[in-house]
Each structure stands twice: as structure tokens, then as C-alpha cells.
Ligand code: BGC
């Protein structure tokens, strides 16, 4: 363990600018490092499992995933009721193709047993590879240097590849290389941890295997959802081999004699394909795909070029704190690896790095992750929104089940659009999901002015979600005719089924307004599209005026002594001073009954604080400061989505120490396993939160009156920081140091931005 510069935290990985590496193998931390060293490309995800699969004495969680491939089973309720979510969807752990077992003179390489005198694993953020180097002194008296490189191609959705090189330094041996295709070894879920509770039996059945020349292939089918998954692996190298087909596995088996000075290379090209119910299976495509795959060097070059371009576009830089910079880059890298890129797939809460949260997509996508791509890779942000558009029919159905004759209610957690939340108080009740998606649609429109998207997808989402809120709330005579939204759960899952959650009412108000605005835009720019849309969804001409009336009348619980209650009843709940809770009783959700928690004035995560960031213009600095201090004192941060948000508001109100403390914990949350569950996968929303922390927090970025605006402030311990944003076809670089901020237009037409409220022309 090393103490890093930012001095508070202990870290397992040395601070390095462009990589995460490990020199000593820690068996007790293998599962965590398998998440940290995961690779993916938005379709394929591979945990950073050792090629040799296991090491004696170390627990492992094996994992290979295909985004969007899941199985479903009916949820078994002890006591069911009308409208409960019906099915449990779980991402499938598909056949493993990355393994490679080395046997020298009958001794199997095993980090727990073999004499390994040097070992190193490196996740390279610029190369997009996972590299290993081992020196193995075999029992038979031979010294082998083994290097392995793995990549999941960011430029070819279906491809992954590995390269093994073995050099014999001394002695000689018979080396066997075993490359199996085998069903995943399923890890245990934890029935006591709602974040990781899935019944993890085998959801895939092996339906076919094949071995042809140097190619082995396997097909699997999901039990209940009709997915067919194929994987084919071609082996390239000058190694005599045989292939063996078993009942549900297939093996490529190479064997050769090495003597001192010899070296040998084995490349594997891995191709995964998938087809859904009623689609022709893509078996041939997998076989041909691995044969046609570019050579390893070419894939590696393409990977580097792709990442070069990405890092340039993101332009993130912190001078003066390498530990933070490493965390930030690591986070961005993993987001890029996990995000769906084709409009058919979204991004799961744990990306493609583990089975935590069953591979479900939550509000995490729109509230945290999407802005990162919106300002770095707008096309990817669009794909995420198109994915939501594709599940709009299911969201409409769900709204009907939930008693709304009109509108759409997006699922709280899902893979393919169906609501999968079995615990509705902290699930379906979070109707802010509609407003989060609407907010993202509008921000996408503001940042890109993509009229085609607004006309074809965006407006329909905005209208259907606005309709839902209009139907859900009502003008309450109790509240002087104001529009109230009752019995909902806000982002904070420790206060459920409350009235007038400020965050929910804020996103709902915005949604009601933006839906009306979208109708106006289409009326002016695409009248025919609007007519067709109105016909399709039965939009009445009077609806926008109704939405605006509700928005204008939106009710917010009044502040008491400057404290804005998170919801109507928040300040009436029983106080529960955080320092009275034993440290070992966190997270509370694992140690107290929900009702105990819900009756107390305690928060799991940022809620009102998030509203104060997104709708900052509604609050004075004084109000922000007062409420920051108050909510800081009642929030446990038991959710990983919390600290980044607190860091942002702290930076905006000039509380730099607090901002930096929260930011550091958030930036390195997975690298340093701060939530103690990195083994189940990385926390994507938090990872995105750190990018938002740099841009919106320290960078003070927002869109104000249609203009991109910045108000950077550089924490005292940094020399400078910088980032780039894509905005309406421009690329803008923002840099700030202790003396102020500067801006540079890297690409695109001249544009005016606001710097600390003053217009600056960039040309
Ligand atoms: C948080 C939610 C989040 C979910 C998935 C929960 O612990 O409370 O806000 O959406 O995790 O990341």
C-alpha cells in the first residue's frame, strides 16, 4: 500500500499519469482488481481475470458480458400486489474466451503456488490494453518470461484479442498452452445485499460447439429471453496444436518444446455475436469475424489512435495533483469502455465490469453519465437518448399500469425497458427518472442544436414525460391552488414516498416547460413533423398551455430559517445525528430496517444539493451555503452517487477544502475501493460525477440564457486545471490557474461564451 500525494488515502496502485499498475500480486484483493482491470467497448466487457483463471488462495469473480444480453425470470414475491414489477432481468455472464492456461513440464502456472519472481499488471489508458509480465522459474528448472496483452477493440464492436509471448531465458521445457471456450463460472450473489442479490444460477445453455483448424467456437442460448450468443476464437502462432470438443466446452491445445533463447507468440482473435428472439442466429458471422479480424498489431494501433483522439477531445488536465488526475482519467476510460454505442444498448450502473445491480440501467445514465459524453462525444450521448426512445412504448404501457391514462413512465431499473424494480418505495416511486431523461434531452438540444433528433425522438420523449407529470400532480386547494406532486421518492433513497420532493418538482417543472418549448420549435421549424407526431400520440392543442400552467404553479416547500426542506415532511422527521451511528453500521441500508431509516432525518445521498446545482439560478449563494452545511450534516453518502455532487456545490460556493475532500474520494472511489464493493463492478455514475466535478464544479460550467458559461476557480493546491468541451460544433478548451481563466477555440466557428458572467468572444 502506498500513501499518495493527496495524503489522506491509502492506495494500492501507484500514482502514475496514464496507467494503473500493480507490481505485487495481492491474492486478497484479486476480485477488486478484476473490476479495476476490466476492458470493454460498449458491447463486449471482460473483467480483468487472470488468463490462467485462478490463483491458489485467491477468490475470483470471473466475468465476460455482452451489453444488453440478459435473461429474465418472474420475480417471486411473498406478498404480491397489483402493478408490481413482474420480471427480474439479469445480465448474462457469457462464455469465457480470454483464458489461457500455461503448463511447463506438467506444472501449471499459478500465482499462488508457482515460483514467480516478477509479476506486473498494467492497465494502459492510452493504449487501451491490459498488460502482464511474469518471470516464472519452473519446478523443472526453466526460466520463462511471459508477457500477455489483452484488448477489447474500441473500433470493432465484436472483436477482442490477446497476445501471449513466452521467452525461455534459461533451461528448457515442454510448454503446453490451453485455450478453452467454456461457460462462465458463476459467482455467488449475496442474498443480504440488495446491491448484489441476484440468484446467479446459469442463465445460458450451451447449444453448439465447433472446432475447425485453429478456430474454436461455442454457442449459448438464454433460458427465457431468446438470445443466442456466439463466440469464435482463432489462434495464430507457430505452435503445433490439437482441438478437443467436450459437452459444453471446446479447447485449443498447443504444445511445443522450448530451449534457452527460444521464444514463441500466440495471438487469439475473439469474435462475439448475438441475436435476439426471432432473429437468425449469427453463428457464421462469429466464425468469419474472428478469421477476418485484423492482425493484433493493427488492432492495437487502431486502439491507440482511437484513444488519442478521445483524450485530445476530453483534454482533461490537473497540474499539481497526479493522484486526482489518475483517478479522473481512469474514470473516463472506464465510462468510454462501458457505454453502449448503437442506440440498442445503454450503460449499466456498473458498466460492463461486474454483475452488481444485475447489469441494470438507472437514472445514473442521464443524471451523471450522459453529460460526460454530451460534451466530449456528443454522438454517444445521442445514442443513449435513442436507446431511451426505443423503450418509449414500454414506458407508455407502464404508465397505464400505474394508473395514468396518458404519458409515459420510464422504468427505474431495467435492461430492455421493462420495470425490474421489485422494491417500489425506492424504485418505481422514483418518478424523477422521467424528468432526468427529459432534462438530458433538453441539454442535448441546447448543446448540439440537433433539430433532427429533437424532431424524430426528443420532442416525443419530452411530451410523453410532461404528460405523465401533468397527470400525476394536481392543483391543490390545500396549497393555495399550487401544483403538487405527492407520494414520490426523490433521488435520496432514505426518504421514500414523500410529498413535493424539491428535486422531483424541479425536474418536472422543467420538463413541463421544455415539452411546450419543443412543440413551439417544431411548429416553427418542422410543422409537418409536428402534425404527424400530434396524430401519432393524440396531442391536443390545449395541452402545452396546461403544462405551462402547472409549471408556473409548481409548489416548493418553503424554507424554514433558510433551510429548504428536501420534501414537505423532511424537517419533521426525527433527528439522527450521524456521529451517533457506529461506523460499522454503514451503509445504513445493510443494518437498519427501511422504516427505521425513513422515519429519521437522514439522507443516503445528494438530493436537494443536486437540485441546487441543476437549478442554481433559483437559489442565492447564501441559501446554497446554508443548505450545503445542513445537508452535509445529515447525509451518510451511503450511495456512491453522492460525494461528487457535494463536491460540485462546495466548489461553486467557494468551500474549496470541502470540495477537494469530496472530489478526491469520488475521483478515486474505485481505485481505492472506498465503498468496499468494487469487486462487484465499478461505480459508473460516480466516475462520471468526477468529470462533472471538474467542469461544473471547479470549472463553473453551465448554459446560461442559451450561452455557454464558465466561472473557474482553481483549488489552492493545484497549479492549474484544464478540460475541453464540445458545444454546437465547436471544441473549446478551458484552462484555469491561480490567476484566472483562459479559453481557446480549438475547432469551429467563432462563439461568445461567458466568463464569470462577462461575454468573451472566441475566434
Ligand atoms: C442509488 C441510486 C442509484 C443506484 C444505482 C443506489 O444505491 O441510491 O441513486 O441509481 O444505486 O447506481
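If the requirement is being touching a residue at least 12 places away in the same chain (Cβ under 8 Å) and under 19 Å from residue 36 (Cβ atoms), which of these qualifies: 684, 656, 701?
On the way: 656 fails: under 19 Å from residue 36 (Cβ atoms); 701 fails: under 19 Å from residue 36 (Cβ atoms).
Unique residue meeting the criteria: 684.
Looking only at the range 336-344, decide whether some residue is modelled with pLDDT of 95 or more, within 16 Å of the ligand (Cβ to nearest atom) and over 30 Å from residue 170 (Cβ atoms).
So in the range 336-344, the residues modelled with pLDDT of 95 or more come out as 336-344.
Add one more test, that the residue is within 16 Å of the ligand (Cβ to nearest atom), and what stays is 338-339.
Add one more test, that the residue is over 30 Å from residue 170 (Cβ atoms), and what stays is 338-339.
Within the range 336-344, one or more residues are modelled with pLDDT of 95 or more, within 16 Å of the ligand (Cβ to nearest atom) and over 30 Å from residue 170 (Cβ atoms).
Just for the range 230-250: of the residues that are over 11 Å from residue 211 (Cα atoms) and exposed (fewer than 14 other Cβ atoms within 10 Å of the Cβ), which one is modelled with the highest pLDDT?
Of everything passing the filter in the range 230-250, 240 is modelled with the highest pLDDT.
Report those strands (runs of 3 or more DSSP E) wholly inside the range 684-742 carrying at least 1 residues which are buried (at least 23 other Cβ atoms within 10 Å of the Cβ) and more than 16 Å from the ligand (Cβ to nearest atom).
On the way: elements: 702-704, 707-710, 720-727, 730-737.
Where strands (runs of 3 or more DSSP E) fall fully within the range 684-742 and carry at least 1 residues being buried (at least 23 other Cβ atoms within 10 Å of the Cβ) and more than 16 Å from the ligand (Cβ to nearest atom), they are 707-710, 720-727, 730-737.
Go over the candidates 361, 353, 376 one by one and state the one that is within 21 Å of residue 18 (Cα to Cα), within 16 Å of the ligand (Cβ to nearest atom) and at pLDDT 95 or above.
Numbers: 361 fails: within 21 Å of residue 18 (Cα to Cα); 376 fails: within 16 Å of the ligand (Cβ to nearest atom).
Exactly one residue qualifies, and that residue is 353.
Does at least one position in the range 449-467 carry a residue that is in a loop (DSSP other than H, G, I, E, B) and in contact (Cβ under 8 Å) with a residue 40 or more places away in the chain?
Restricting attention to the range 449-467, the residues satisfying the condition of being in a loop (DSSP other than H, G, I, E, B) are 449-450.
Subsequent filtering for residues that are in contact (Cβ under 8 Å) with a residue 40 or more places away in the chain retains 449-450.
Yes: one or more hits.
Against the definition (buried (at least 18 other Cβ atoms within 10 Å of the Cβ) and within 16 Å of the ligand (Cβ to nearest atom)), how does residue 678 come out, yes or no? Working first, answer last.
Values: buried (at least 18 other Cβ atoms within 10 Å of the Cβ): yes; within 16 Å of the ligand (Cβ to nearest atom): yes.
So residue 678 fits the description; yes.
Under the condition of being out of contact with any helix residue (DSSP H, G or I) (no Cβ under 7 Å at 6 or more places or on another chain), in a loop (DSSP other than H, G, I, E, B) and in contact (Cβ under 8 Å) with a residue 60 or more places away in the chain, which residue from the range 54-83 is farthest from residue 171 (Cα to Cα)?
If we take residues in the range 54-83 being out of contact with any helix residue (DSSP H, G or I) (no Cβ under 7 Å at 6 or more places or on another chain), in a loop (DSSP other than H, G, I, E, B) and in contact (Cβ under 8 Å) with a residue 60 or more places away in the chain, then 77 is farthest from residue 171 (Cα to Cα).
Between a first residue in the range 90-107 that is on the phi > 0 side of the Ramachandran plot and a second residue that is in a strand (DSSP E or B) and modelled with pLDDT of 95 or more, which pairs have beta carbons less than 7 Å apart while being 6 or more apart in sequence or on different chains?
105/173; 105/174
Among the residues of the range 399-419, count how many are more than 18 Å from the chain's Cα centre (by Cα) and within 16 Å of the ligand (Cβ to nearest atom).
First pass over the range 399-419, keeping only residues more than 18 Å from the chain's Cα centre (by Cα): 399-410, 418-419.
Going one step further and asking which of them are within 16 Å of the ligand (Cβ to nearest atom), we end up with 410, 419.
Total satisfying the criteria: 2.
Right, residue 293: under 26 Å from residue 218 (Cα atoms), surrounded by 24 or more Cβ atoms within 10 Å (Cβ to Cβ) and away from the ligand (no atom under 13 Å from the Cβ) or not? Write out each step before concluding.
Working: under 26 Å from residue 218 (Cα atoms): yes; surrounded by 24 or more Cβ atoms within 10 Å (Cβ to Cβ): yes; away from the ligand (no atom under 13 Å from the Cβ): yes.
So residue 293 fits the description; yes.
Being part of a helix (DSSP H, G or I) and either over 13 Å from residue 472 (Cβ atoms) or in contact (Cβ under 8 Å) with a residue 12 or more places away in the chain (or both) is true for just one of 440, 408. Which residue is that?
On inspection, the qualifying residue turns out to be 440.
Of all residues in the range 422-437, how many are part of a helix (DSSP H, G or I), in contact with a helix residue (DSSP H, G or I) (Cβ under 9 Å, 6 or more places away or on another chain) and either free of Cβ contacts under 8 Å to residues at least 12 places away in the same chain or away from the ligand (no atom under 11 Å from the Cβ) (or both)? Working first, answer last.
Start the filter on the range 422-437 by keeping residues that are part of a helix (DSSP H, G or I), which leaves 424-426, 432-437.
Within this subset, residues satisfying the condition of being in contact with a helix residue (DSSP H, G or I) (Cβ under 9 Å, 6 or more places away or on another chain) are 425-426, 432-437.
Add one more test, that the residue is either free of Cβ contacts under 8 Å to residues at least 12 places away in the same chain or away from the ligand (no atom under 11 Å from the Cβ) (or both), and what stays is 425, 434-435, 437.
Residues flagged as part of a helix (DSSP H, G or I), in contact with a helix residue (DSSP H, G or I) (Cβ under 9 Å, 6 or more places away or on another chain) and either free of Cβ contacts under 8 Å to residues at least 12 places away in the same chain or away from the ligand (no atom under 11 Å from the Cβ) (or both) within the range 422-437 amount to 4.
Are there any pairs, at least 6 apart or on different chains, whose C-beta atoms fall under 8 Å, with the first in the range 595-622 and over 15 Å from residue 435 (Cβ atoms) and the second away from the ligand (no atom under 16 Å from the Cβ) and at pLDDT below 95, and if so, which?
What qualifies is 617/704.
Which helices (runs of 4 or more DSSP H) sit wholly inside the range 311-398 and have at least 1 residues that are over 18 Å from the mean Cα position of the chain (by Cα) and within 28 Å of residue 537 (Cβ to Cβ)?
On the way: elements: 322-338, 370-374, 378-390.
The qualifying helices (runs of 4 or more DSSP H) are 378-390.
Evaluate the following for residue 441: is it within 16 Å of the ligand (Cβ to nearest atom) and either modelled with pLDDT under 95 or touching a helix residue (DSSP H, G or I) at 6+ places or on another chain (Cβ under 8 Å) (or both)?
Numbers: within 16 Å of the ligand (Cβ to nearest atom): no; either modelled with pLDDT under 95 or touching a helix residue (DSSP H, G or I) at 6+ places or on another chain (Cβ under 8 Å) (or both): yes.
Criteria not met by residue 441.
Scan the range 611-644 residue by residue and report those that are out of contact with any helix residue (DSSP H, G or I) (no Cβ under 7 Å at 6 or more places or on another chain), away from the ligand (no atom under 11 Å from the Cβ) and more than 21 Å from residue 558 (Cα to Cα).
Once the filter is applied, which keeps residues that are out of contact with any helix residue (DSSP H, G or I) (no Cβ under 7 Å at 6 or more places or on another chain), away from the ligand (no atom under 11 Å from the Cβ) and more than 21 Å from residue 558 (Cα to Cα), the range 611-644 yields nothing.
The values are calculated or read from the model by the stated rules, or taken from the named source; none is laboratory data. Computed from a prediction, not measured in an experiment: that's the story for all the values here. Cβ sites come from the backbone with ideal geometry, for glycine too, and all protein chains shown count toward neighbours.
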